[in-house]
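Have a look at the structure below, then the notes.
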Amino acid sequence: MIAQIKGKLVDKTPTYVIIDCGGVGYEIKISLNTFSQIGEGETCLLYTHFVVREDAQLLYGFKETSERELFRLLISVSGVGSATAIMILSSLSPNETKQAILNSDVNTLKSVKGIGAKSAERIIIDLRDKIAKVDSGSTISLPSNNTVKDEALSALVMLGFAKNSAEKALNKIVKAGDDFSVEELIKRALKSL
């Protein structure tokens, strides 16, 4: 099990980072919450979860251990895989996710792409008691980063959305509002797609 990776940040996108650790570049999939907490070109420490599948070996990284624990709880639910758990943590902050589960807020969970009513109810039923026991004292903030619409579009395409629909959604958001961070653009687009 790879528990954490510390090294020089080589590349950073809204969906993954590459960290050089001892001359080896590790590609680590991340959520938007983690993306917003990582600076450019710095030494980076991510707490990881290693997934071994028949066709791939994947690393998922988190800036905070509390987000990693929430990810692990989410993937323990039947029908919720690692990609869906990352989608949840990219659409909602860890605190919003916990509150939605604790308050049995099916609509908030259904707002995430790929989560229907049955999946949302299953997540709530399976995790409500577990999350109530977990200390939720730490919050994950979303500081603004100097990003562009193209980066948000690239992230949405990597998350599986059609480029045309993602671009239309981003254009509507940009026309309707102020300067948004890439995280805010993606979150708003995820709600409209």
**Odd one out for residue 116 among (1) surrounded by fewer than 17 Cβ atoms within 10 Å (Cβ to Cβ); (2) closer than 30 Å to residue 25 by Cα; (3) at pLDDT 90 or above** = (2)
**Matching residues, region 55-71, being more than 13 Å from the chain's Cα centre (by Cα) and without any contact (Cβ under 8 Å) to a residue 24 or more places away in the chain** = 55, 56, 57, 65
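Quick one: is residue 121 among the acidic types (Asp, Glu), over 13 Å from the mean Cα position of the chain (by Cα) and closer than 23 Å to residue 160 by Cα? Write out each step before concluding.
Details: among the acidic types (Asp, Glu): yes; over 13 Å from the mean Cα position of the chain (by Cα): yes; closer than 23 Å to residue 160 by Cα: no.
No, not satisfied.
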**Asked** Just checking, which of 112, 77 is over 24 Å from residue 156 (Cα atoms) and either of a type outside the set (S, T, N, Q) or touching a residue at least 40 places away in the same chain (Cβ under 8 Å) (or both)?
**Response** 77
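Here's the yes/no breakdown for (1) surrounded by fewer than 21 Cβ atoms within 10 Å (Cβ to Cβ); (2) not assigned by TED's automatic domain parsing to the domain that holds residue 122:
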| position | (1), (2) |
| --- | --- |
| 19 | no, yes |
| 26 | yes, yes |
| 36 | no, yes |
| 39 | yes, yes |
| 57 | yes, yes |
| 71 | no, no |
| 80 | no, no |
| 85 | no, no |
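If I filter region 166-193 down to residues being of a type in the set (A, V, I, L, M, F, W, C) and surrounded by fewer than 18 Cβ atoms within 10 Å (Cβ to Cβ), which single residue comes out as nearest to residue 155 (Cα to Cα)? I'd like the intermediate steps shown before the answer.
The first filter runs over region 166-193 and keeps only residues of a type in the set (A, V, I, L, M, F, W, C), leaving 166, 169-170, 173-174, 176, 180, 182, 185-186, 189-190, 193.
If we keep only those that are surrounded by fewer than 18 Cβ atoms within 10 Å (Cβ to Cβ) as well, we get 174, 176, 193.
Details: 174: 16, 176: 21, 193: 14 Å.
Once the filter is applied, the top-ranked residue is 193.
The values are calculated or read from the model by the stated rules, or taken from the named source; none is laboratory data. It should be emphasised that the depicted structure is a prediction, and the values quoted were computed from it without experimental measurement. Because the Cβ atoms are built from the backbone with ideal geometry, glycine has one as well, and the counts that use them run over all protein chains shown.
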